[in-house]
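The structure under discussion appears below in the form of structure tokens.
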Amino acid sequence: MATKQKKEKGGKAPSKPDVSGKLAKLKGAWQEAADNPIGDFTNWEPGKYQAQLVSAELGESAAGRLQVKWGFGNLEDSEASPQFMFDGLDTEKSPQCLAYLRKHIEQMGYEAPNDLSKLEPLLEQMVADGPKVTITVKQNGEYINTYINNLIEE
């Protein structure tokens, strides 16, 4: 159903604001968004999956906190986008976060380094090796959580 526009004094309908100038200013950012799509939020349906580690990046979250971003490929559906899992390294926000990171490294069959300066080379080695794991994807309200269950022995 169409809505009626209020008439200005004098009986005229209000003029539509000109947004073309504002849109023109966004042209570069719009193209950059097309060239660099956000893939961090592609989620698999809740369930258990056989997966392979395809990426592990040490970096910063959008809020500037240090994190490891794990990416898993679906061994049952090669067309599926990677499923991501994040290990934050902000001990002030979550004192147990480093314990979770160590646990995830060990669940994929590796020994967690005693020296954090060796973390990045370990992540690179893990991606090169591509360990296969069983993961569970669970939905909790609006959030999707990914859990590593176990290493798939070959």
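The values are calculated or read from the model by the stated rules, or taken from the named source; none is laboratory data. Here the structure is a predicted model, which is why all the values come from computation and not from measurement. Reconstructed Cβ throughout: ideal geometry from the backbone, glycine too, with neighbour counts over all protein chains shown.
Among the residues of the range 82-111, just one is assigned to a loop (DSSP other than H, G, I, E, B), of a type in the set (G, A, S) and at pLDDT below 95, namely S94. Exactly one residue out of R102, R65 is of a type in the set (K, R) and under 15 Å from the mean Cα position of the chain (by Cα), and it is R65.
Can you find a residue in the range 134-151 that is more than 20 Å from P46 (Cα to Cα) and more than 19 Å from the chain's Cα centre (by Cα)?
Taking every residue of the range 134-151 in turn, none turns out to be more than 20 Å from P46 (Cα to Cα) and more than 19 Å from the chain's Cα centre (by Cα).
Within the range 102-128, being closer than 21 Å to Y49 by Cβ and either without any contact (Cβ under 8 Å) to a residue 60 or more places away in the chain or in contact with a helix residue (DSSP H, G or I) (Cβ under 7 Å, 6 or more places away or on another chain) (or both) holds for K103, H104, I105, E106, Q107, M108, G109, Y110.
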